[in-house]
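Here is the structure we will look at.
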Amino acid sequence: VDVSGSMSDDEVEQALAEANAILRENVEKVVIVQWDTNIQDIEIVTSRISKYKRRGYGGTVIRPVLEKLKSKFRLEDVVVIFSDAEIYDIKTDRTRELLNKLAKRVSIPVFITTKVEPHELYKYITRRFKVIYLPLSGVKF
């Protein structure tokens, strides 16, 4: 979950509502990684999220997060990046390379964006990602 300054509290709550929806699908656990320019927090969730402490509010740079987590991804994983997609380094070769490697390494790569339309994101990320444009809905976790 992108917790940078450009993500509103409502957008972060929407991400948590999506995580709760995933947990209702008989998923063993959800690992929530809060990130802005770096990893701010990692939490393993096995039941409905009712309270959450947001950390971060910095800039939005995804490369350091991908670098630190790249060895953790497994073929059976579903990875969901929830962000407004206003990511400073998304156009850089290294970030694009890391996102493409992630998409090849996991079973289902998903990018949920609250502000940037899919056709814009696909200029920078592989089409292996399922990109979902999900503007604020008012759904609370």
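The values are calculated or read from the model by the stated rules, or taken from the named source; none is laboratory data. No experiment lies behind these values; they were computed from the predicted model shown. Cβ sites come from the backbone with ideal geometry, for glycine too, and all protein chains shown count toward neighbours. With ligands, DNA and RNA removed, areas are computed over all heavy atoms of the protein, side chains included. Shrake-Rupley method; radii C 1.70, N 1.55, O 1.52, S 1.80 Å.
Points worth noting:
- Length-normalised contact order of the range 12-80 in % [C-alpha pairs under 8 Å, at least 6 apart]: 26 percent
- Pairs exceeding a 31 Å alpha-carbon distance, out of 70/123; 72/115; 51/101; 70/115: 51/101.
- Portion, in percent, of the accessible area of the chain that falls on carbon or sulfur, probe 1.4 Å: 50 percent
- The ellipsoid equivalent to the alpha-carbon distribution of the chain has semi-axes of 21, 17, 15 angstrom, derived from the gyration tensor eigenvalues as √(5λ) and listed largest first.
- The mean sequence separation of alpha-carbon pairs under 8 Å and at least six residues apart, normalised by the residue count of the chain, gives a relative contact order of 26 percent.
- The dipole here belongs to the chain: it is taken about the Cα centre, uses +1 on the Cβ of Lys and Arg and -1 on the Cβ of Asp and Glu, and is about 520 debye.
- Heavy atoms of the protein chains alone define the surface here; on that basis the range 24-137 has 60 Å² accessible area per residue at 1.4 Å probe size.
- Working ranking of peptides 84-95, 24-35, 3-14 by packing, defined as the average number of other Cβ atoms within 10 Å per residue, highest first, is 3-14, 84-95, 24-35.
- 5 angstrom amide H check on residue 41, placed H, neighbours 5+ away: 34
- Accessible-area value, residue 108, 1.4 Å probe, nucleic acids and ligands omitted, Å²: 80 Å²
- For the range 1-66, Kirkwood radius (reciprocal of mean inverse C-alpha pair distance, Å): 12.2 Å
- Annotation: Cα Rg of the range 62-141 relative to the compact-globule expectation 2.2 N^0.38 Å equals 1.07.
- In the range 26-141, taking the dipole from charged Cβ atoms about the Cα centre, the farthest positive-side position among 118, 136, 47 is held by 47.
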